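Since every read-out is calculated from the coordinates, none of them should be taken as a lab result. Here the structure is a predicted model, which means the values were calculated and not measured. FYI the Cβ positions are ideal-geometry reconstructions off the backbone, even for glycines, and counts take in every protein chain you see.
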Amino acid sequence: MDKNSRSLPQNLRRYLVNPLALGYLGVVLAVCLWVTVETVAASASGDASFAGVWAFLVTAPTSMLFLVAGPAGLIGIPLGAIVQAAALGALYRFITERRSHGTGSGVSHA
């Protein structure tokens, strides 16, 4: 199969299912869970919390494109996480494929 004949879901799976992308998504999930707990605790005490900023920072710069007031701005967090994870996954695939092709011929590109 030619590299260019893959569909969008196949490419997303290819870039999102690797240790680097999954690790990043795990960090984003942990931060979002912490933000949720912190927000609930802060609202119960009547105090304001800036914990929600961390969810945007961990998915920046993509999530910063969606900084609008209200709940509509929250769509930037999952979109930013997916875009950033795909970029990290593409980098991971590039590095591992380059390394595997370079060592097969006895020539190292390191």
- Regarding the chain, what is the average projected area of its C-alpha convex hull, in nm²? 9.3 nm²
- Message: Between L33 and S5, how high is the FRET efficiency from 1/(1 + (r/R0)^6) when r is the Cβ-Cβ distance and R₀ = 30 Å? Nearest 0.05.
- Response: 0.20
- Item | Potential extension, R93-A41 segment - 0.36 nm per residue separation minus Cα distance | 14.7 nm
- Task: On a 0 to 90° scale, report how tilted helix 76-104 is relative to the longest principal axis of the chain, with both axes built from alpha carbons and the result rounded to the nearest 10.
- Result: 20 degrees
